[in-house]
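Note sheet for the following structure.
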Amino acid sequence: MSTLNGILIEPGKDPVICKFSADINQTVEEIATILDGNFASSRLFNVGNGISLHIFVNDLAVPLGLTANRRFPEPDQHEIIFGNAIFLALDDETGGEHGAIDIPEDICQLFIENLNQHLERCNGDEKPDPSAEIYTENAGTPEEHSFKWQEVERPENIQKIIGNGRVKIVDNGTCNIIEIKGRYFKQVTVEKKKGLPQ
């Protein structure tokens, strides 16, 4: 089976070339395993010919308390990558993991040099900025909703666990709690701060 090259940075370690299956379903599973859960990706920069380098991280790294890895360069130096990070080249037209394409090893080495130069290594004891704890759904719409995940004790009235992935929904009548590897997190609404009077 064919493979794709990507780049992996683990906390406290140098970036390395990491091989992924070219099969989309297998790739998603491999990414989830390396990142230890659900993940999200963001476009870092365009590398030309309709291809961009994307970063994949565990989207619940902050509530899970994953170790600080790297810090973004100015003006975003307050933003920290927590836990493992994967860098993949994606076809901008296809998008998502579906557009993952192979990065030749010599190009991977160039990317690794740039990542080392521009992403400062963290000590590992850095804490997230409070804003990193806040998640927003339906941004810019009337249904916009901001919340954070707060760790809670195991609910007593679990009716069933929904889902087969690494993050499962706990049906306790309200379905506002998730279970991750035996830990439970409740969605707590964060009210928008009102602006100063004009």
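The values are calculated or read from the model by the stated rules, or taken from the named source; none is laboratory data. Fair warning: this is a prediction, and the values are worked out from it, not measured in the lab. Here the Cβ is made from the backbone with ideal geometry for all residues, glycine too, and neighbour counts use every protein chain on show.
I need the full set of residues from segment 26-81 which are of a type in the set (Asp, Glu) and either within 28 Å of Asp102 (Cβ to Cβ) or in contact with an Asp or Glu (Cβ under 8 Å, 6 or more places away or on another chain) (or both), in order please.
Of everything in segment 26-81, those that are of a type in the set (Asp, Glu) and either within 28 Å of Asp102 (Cβ to Cβ) or in contact with an Asp or Glu (Cβ under 8 Å, 6 or more places away or on another chain) (or both) turn out to be Glu29, Glu30, Asp36, Asp59, Glu79.
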- [ ] For segment 149-164, enumerate the residues that are loosely packed, with under 11 Cβ neighbours inside 10 Å and either closer than 26 Å to Thr33 by Cβ or of a type in the set (Phe, Trp, Tyr) (or both).
- [x] Lys160, Asn164
- [ ] Among the residues of segment 32-60, count how many are crowded, with 19+ Cβ neighbours inside 10 Å, closer than 14 Å to Ala89 by Cβ and among the hydrophobic types (A, V, I, L, M, F, W, C).
- [x] 3
Open item on the list: So in segment 159-198, with the set limited to residues that are at pLDDT below 85 and among the polar types (S, T, N, Q), which one is farthest from the chain's Cα centre (by Cα)?
Closed with: Gln198
